[in-house]
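Asks: Structure provided below as structure tokens; questions to follow.
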Amino acid sequence: MDEGVVTLAHGGGGSLMAELLAARVLPVLGVAEAGEDAAGVGRGLLMTTDSFVVKPLVFPGSDIGRMAVYGTVNDLAMRGGWPRAMTVGLIVEEGLSLDVLDQVVASLAAAAQECGVKIVGGDTKVLEAGRGDGLYINTTGLAEALLAERDLPSLGRARPGDAVLINGPVGEHGIAVLAAREQLGFAAEVRSDCAPLHEMARALIEELGTGVHCLHDPTRGGLAAALNEIALASGVGMRLEEGAIPRRAAVEAACELLGLDALQVANEGKMVAVVEEGMAERALKVLRADERGREGAVIGEVTEGVAGRVELVTELGTTRIVDMPSGELLPRIC
Amino acid sequence: MEVCGTHSHAVGRHGLRQLLPDSVELVSGPGCPVCVTTAGQVELALELARRGAMVATFGDMMRVPGPSGSLAGARAAGGDVRVVYSPQQALELAAREPGREVVFVAVGFETTAPAVAAVAKQAPAAGPSGFSLLGLHKLVPPALEALVADEEVALDGLLCPGHVSVVIGSEAYRPLAERWRMPCVVAGFEPEDILLGVAMLLAQIADERAEVENAYPRAVRPEGNPRALALMEEVFEPTEAEWRGLGSLPDSGLKLRGAYAALDARERFGLAVVAAPEPPGCRCGDVLRGRLRPAECGLFGGACTPARPVGPCMVSSEGACAAAYKYERTQVVRG
């Protein structure tokens, strides 16, 4: 059902967005290699761009300023980049309180300093009232590649036998923002996992070198989308162990009530790592040595199964599909 | 038959079919509020959006296709359509924008009806507001009675819905067991709950018993929740309602009673009943009656997917087709 217009479902990070880009954007722009978190531009440099739209601007565990820096840093880190510089575009809606602006800018500055990233430029536009959600941020990030470009982790490098890891519990960011926006009291204690991951990613690459096949941050669309993207890009299957996936009880309970699947809910401080067969234990040790990876786990393996299909072995020993989310997450009725 | 869509999804999500012997088949039923809402009823909500009202709805309804598109499409085209998490939030939207017509699309079963009744009770007291309700509520027992009476639908037992039963109580199914000799077991939503419910149904069938049993006693009492029932009784009265798949059933819907009738969006906007055909090729009606498995529909997984749903059963997170597509399509899609 094509209604001739873009809908919010196209922005959900799922299959509809992938179709939209593949049909209408990438071929026109002549972009062949898409879907990666950042792109090599030669001379040992990587670039990425990202836009941040979140309501509310400040939410439990973080805010849009921090999210913009960490999000950019993480996209670079997922391609094996060491972030160096970024630009920041602020698109401000008329009427935004100066206190909120101050808070967000202070947060941007603190996060950039924490990550060792220099903010080298930016741009500011103001929209008339009613034309924006207070504040949007767009960034561009630049990083030095830690390995030669052909050896960098990439979504297409997963091979059967590889181990799949994640650095902690899934779904916290999405539920924290939803709970803050909709004032869902029952999920009030969930905090966003918003965090920079470049140090953990570098430690992993230092330990395993080219044995790090893919790194991917499961943001919009959650772990389900991230793993489906890797399986599709690599032309491999994947099998997960449900019991091995780190969970947070409050996130599970909120998802249960809202009819959401925690595997499809956004994260902002999580990293999926696909590493060469036999390297899982070493990779896990690296993750757990980082404060953002204490609850890290090996959650599954890459298989020769149907290309692009992610399966999950439940705690009952049965098997089911982990599907690519299609679009916007919409809570159910009862 | 597992009546409730949340059961269907739990069955898929936990791969429970793989644990059952081949002689036991679980068939999805009509327990998905969005799915049993007809195309004509979706059109009423779209009409309200076109007339400039703010339409507040549960998220599940957003992508259900009606004859002239979906509420998500109406929002993209500039209509004021809001996703809310409770009827209370819709009332708050109305309070924030006095003078604005705000309509809550009240879709759901006995599970959500008490919360809507509570909001209806607050609304008149909140002064002259533009708040109204598009009442599309439906009642589960009349639908089950229609199903067991239908000779084309051959069921051996009913796995009755846990959430609905919290409100109406397990005794509500007694006529089904006694008059229609249909074994009924109320079950919860954990995999163990569902398997226990199935085991209790199988025991009844083996013993040739037809009783109402409760496999979910930690949440469901025989008499249900008397306060919730009283609230519903005060605000609503039963009325004939149109179901997708089941047609028009007497006393299977709810309409606002007496003093609360002023909140009825149909009256307020003079909405006429819209007779709208179901989408061509869509067999949601047969799926909802348990006559057709999702994968047996010609559109399943091809023309109809969660990204581009043709029928509501593929849209809703409680829909049988969505569950089959999301969790089981290796097993169910051939080729």
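Asks: Are there any pairs with C-beta distances below 9 angstrom linking a residue in the stretch B:27-40 that is away from chain A (no Cβ under 14 Å) and farther than 12 Å from B:Leu147 by Cβ to a residue that is hydroxyl-bearing (Ser, Thr, Tyr) and assigned to a loop (DSSP other than H, G, I, E, B), with the two at least 6 apart or on different chains, and if so which?
Replies: Short answer, once both residue conditions are applied: none.
Asks: What single numbered condition from (1) of a type outside the set (S, T, N, Q); (2) over 22 Å from A:Ala262 (Cβ atoms); (3) in contact (Cβ under 8 Å) with a residue 12 or more places away in the chain fails to hold for B:Gly5?
Replies: Just one mismatch for B:Gly5, condition (2).
Asks: Right, another one. May I ask you to list the residues in the stretch B:116-145 that are open to solvent by less than 30 Å² (accessible area, probe 1.4 Å) and aliphatic (A, V, I, L, M)?
Replies: Result: B:Val116, B:Ala117, B:Val119, B:Ala120, B:Ala123, B:Leu133, B:Leu134, B:Leu136, B:Leu139, B:Val140, B:Ala143, B:Leu144.
Asks: Being open to solvent by 40 Å² or more (accessible area, probe 1.4 Å), of a type in the set (A, V, I, L, M, F, W, C), part of a loop (DSSP other than H, G, I, E, B) and in contact (Cβ under 8 Å) with a residue 40 or more places away in the chain is the filter here; which residues of the stretch B:228-281 pass it?
Replies: If the condition is that a residue be open to solvent by 40 Å² or more (accessible area, probe 1.4 Å), of a type in the set (A, V, I, L, M, F, W, C), part of a loop (DSSP other than H, G, I, E, B) and in contact (Cβ under 8 Å) with a residue 40 or more places away in the chain, then B:Val273, B:Val274, B:Ala275 are the ones that fit.
Asks: What are the residues in the stretch A:207-225 that are under 21 Å from A:Leu146 (Cβ atoms) and either free of Cβ contacts under 8 Å to residues at least 12 places away in the same chain or outside any helix (DSSP H, G or I) (or both), if any?
Replies: Of everything in the stretch A:207-225, those that are under 21 Å from A:Leu146 (Cβ atoms) and either free of Cβ contacts under 8 Å to residues at least 12 places away in the same chain or outside any helix (DSSP H, G or I) (or both) turn out to be A:Val212, A:His213, A:Cys214, A:Leu215, A:His216, A:Asp217.
Asks: What about A:Ala9, is it within 14 Å of chain B (Cβ to nearest Cβ) and open to solvent by less than 30 Å² (accessible area, probe 1.4 Å)?
Replies: Criteria met by A:Ala9.
Asks: Within the stretch B:89-113, track down each residue that is modelled with pLDDT of 95 or more and assigned to a helix (DSSP H, G or I).
Replies: B:Ala113
Asks: For residues that are within 13 Å of chain B (Cβ to nearest Cβ) and polar (S, T, N, Q), scanning just the stretch A:220-269, find the one that is farthest from A:Arg66 (Cα to Cα).
Replies: Within the stretch A:220-269, the match that is farthest from A:Arg66 (Cα to Cα) is A:Asn228.
Asks: Going through the stretch B:221-237 one residue at a time, which ones are of a type outside the set (Asp, Glu) and over 22 Å from B:Val186 (Cβ atoms)?
Replies: B:Val235, B:Phe236, listed by residue number.
Asks: State whether the residues of the stretch B:25-40 include one that is under 26 Å from B:Gly197 (Cβ atoms) and open to solvent by 40 Å² or more (accessible area, probe 1.4 Å).
Replies: Checking the stretch B:25-40: at least one residue is under 26 Å from B:Gly197 (Cβ atoms) and open to solvent by 40 Å² or more (accessible area, probe 1.4 Å).
Asks: Out of the residues in the stretch B:94-115 that are away from chain A (no Cβ under 12 Å) and aliphatic (A, V, I, L, M), state the one that is surrounded by the fewest Cβ atoms within 10 Å (Cβ to Cβ).
Replies: In this case the residue turns out to be B:Ala95.
Asks: Please enumerate the residues belonging to the stretch B:75-93 that are farther than 27 Å from A:Cys255 by Cα and either among the aliphatic types (A, V, I, L, M) or facing another protein chain (nearest Cβ under 10 Å) (or both).
Replies: B:Ala77, B:Gly78 - these are the residues of the stretch B:75-93 that are farther than 27 Å from A:Cys255 by Cα and either among the aliphatic types (A, V, I, L, M) or facing another protein chain (nearest Cβ under 10 Å) (or both).
Asks: Quick check on this structure: which one of B:Glu318, B:Glu223 is acidic (Asp, Glu), open to solvent by 40 Å² or more (accessible area, probe 1.4 Å) and out of contact with any strand residue (DSSP E or B) (no Cβ under 6 Å at 6 or more places or on another chain)?
Replies: Exactly one of B:Glu318, B:Glu223 is acidic (Asp, Glu), open to solvent by 40 Å² or more (accessible area, probe 1.4 Å) and out of contact with any strand residue (DSSP E or B) (no Cβ under 6 Å at 6 or more places or on another chain), namely B:Glu223.
Asks: Still on this structure, please answer the following. Restricting to the stretch B:193-220, name every residue that is open to solvent by 60 Å² or more (accessible area, probe 1.4 Å) and not charged (D, E, K, R).
Replies: B:Leu196, B:Leu202, B:Ile205, B:Ala206, B:Pro217
Asks: Might you let me know whether the stretch A:31-44 holds any residue that is within 13 Å of another protein chain (Cβ to nearest Cβ), loosely packed, with under 15 Cβ neighbours inside 10 Å and out of contact with any strand residue (DSSP E or B) (no Cβ under 8 Å at 6 or more places or on another chain)?
Replies: no
Asks: Here are A:Asp217, A:Asp193: which of them is away from every other protein chain (no Cβ under 14 Å), in contact with a strand residue (DSSP E or B) (Cβ under 8 Å, 6 or more places away or on another chain) and closer than 24 Å to A:Gln113 by Cα?
Replies: Criteria check complete, one pass: A:Asp217.
Asks: Additional query: Just the residues that are open to solvent by less than 10 Å² (accessible area, probe 1.4 Å) and among the hydroxyl-bearing types (Ser, Thr, Tyr), please, taken from the stretch B:50-93.
Replies: Answer for the stretch B:50-93, where residues must be open to solvent by less than 10 Å² (accessible area, probe 1.4 Å) and among the hydroxyl-bearing types (Ser, Thr, Tyr): B:Thr57, B:Ser70.
Asks: Could you say which residue among B:Val116, B:Val198 is within 19 Å of the chain's Cα centre (by Cα) and part of a helix (DSSP H, G or I)?
Replies: Unique residue meeting the criteria: B:Val116.
Asks: Given the criteria free of Cβ contacts under 8 Å to residues at least 24 places away in the same chain and assigned to a loop (DSSP other than H, G, I, E, B), does B:Glu192 qualify?
Replies: Criteria not met by B:Glu192.
Asks: All but one of (1) in contact with a Leu (Cβ under 9 Å, 6 or more places away or on another chain); (2) away from every other protein chain (no Cβ under 14 Å); (3) aliphatic (A, V, I, L, M); (4) surrounded by fewer than 24 Cβ atoms within 10 Å (Cβ to Cβ) hold for B:Ala154, so report the exception by its number.
Replies: B:Ala154 satisfies every listed condition except (1).
Asks: Shifting gears a bit: On the basis of being over 20 Å from A:Lys270 (Cβ atoms), touching a residue at least 24 places away in the same chain (Cβ under 8 Å), outside any helix (DSSP H, G or I) and not hydrophobic (A, V, I, L, M, F, W, C), does A:Gly168 make the cut?
Replies: Taking the combined requirement at face value, the residue does not satisfy it.
Asks: Related question: Hey, B:Thr6 hits all of (1) touching a strand residue (DSSP E or B) at 6+ places or on another chain (Cβ under 7 Å); (2) within 12 Å of chain A (Cβ to nearest Cβ); (3) among the hydroxyl-bearing types (Ser, Thr, Tyr) but one; which does it fall short on?
Replies: Only one criterion is unmet by B:Thr6, namely (1).
Asks: Residue check: is A:Gly141 open to solvent by 60 Å² or more (accessible area, probe 1.4 Å) and either in a loop (DSSP other than H, G, I, E, B) or under 19 Å from A:Ser51 (Cα atoms) (or both)?
Replies: no
Asks: Of everything in the stretch A:259-311 that's assigned to a loop (DSSP other than H, G, I, E, B), of a type in the set (A, V, I, L, M) and touching a Lys or Arg at 6+ places or on another chain (Cβ under 9 Å), which residue is least open to solvent (accessible area, probe 1.4 Å)?
Replies: A:Met271
Asks: Looking only at the stretch A:312-323, count how many residues are open to solvent by less than 50 Å² (accessible area, probe 1.4 Å) and either assigned to a strand (DSSP E or B) or more than 7 Å from chain B (Cβ to nearest Cβ) (or both).
Replies: The qualifying residues number 6.
Asks: Something else: Out of (1) in the same structural domain as A:Gln103 (by TED's automatic domain parsing); (2) within 21 Å of A:Thr140 (Cα to Cα); (3) not in a strand (DSSP E or B), what's the single condition that is false for A:Lys55?
Replies: The single condition A:Lys55 does not satisfy is (2).
Asks: Taking A:Glu277 as the residue in question, decide whether it is over 18 Å from the mean Cα position of the chain (by Cα), over 30 Å from A:Phe186 (Cβ atoms) and either assigned by TED's automatic domain parsing to the domain that holds A:Leu76 or without any contact (Cβ under 8 Å) to a residue 60 or more places away in the chain (or both).
Replies: No, not satisfied.
The values are calculated or read from the model by the stated rules, or taken from the named source; none is laboratory data. None of these values were measured; they are calculated from a predicted model. With ideal geometry, Cβ positions are generated from the backbone for all residues, glycine too; neighbour counts draw on all protein chains shown. Each accessible area value is taken on the protein alone, full model and side chains, heavy atoms only, with ligands, DNA and RNA left out. Shrake-Rupley method; radii C 1.70, N 1.55, O 1.52, S 1.80 Å.
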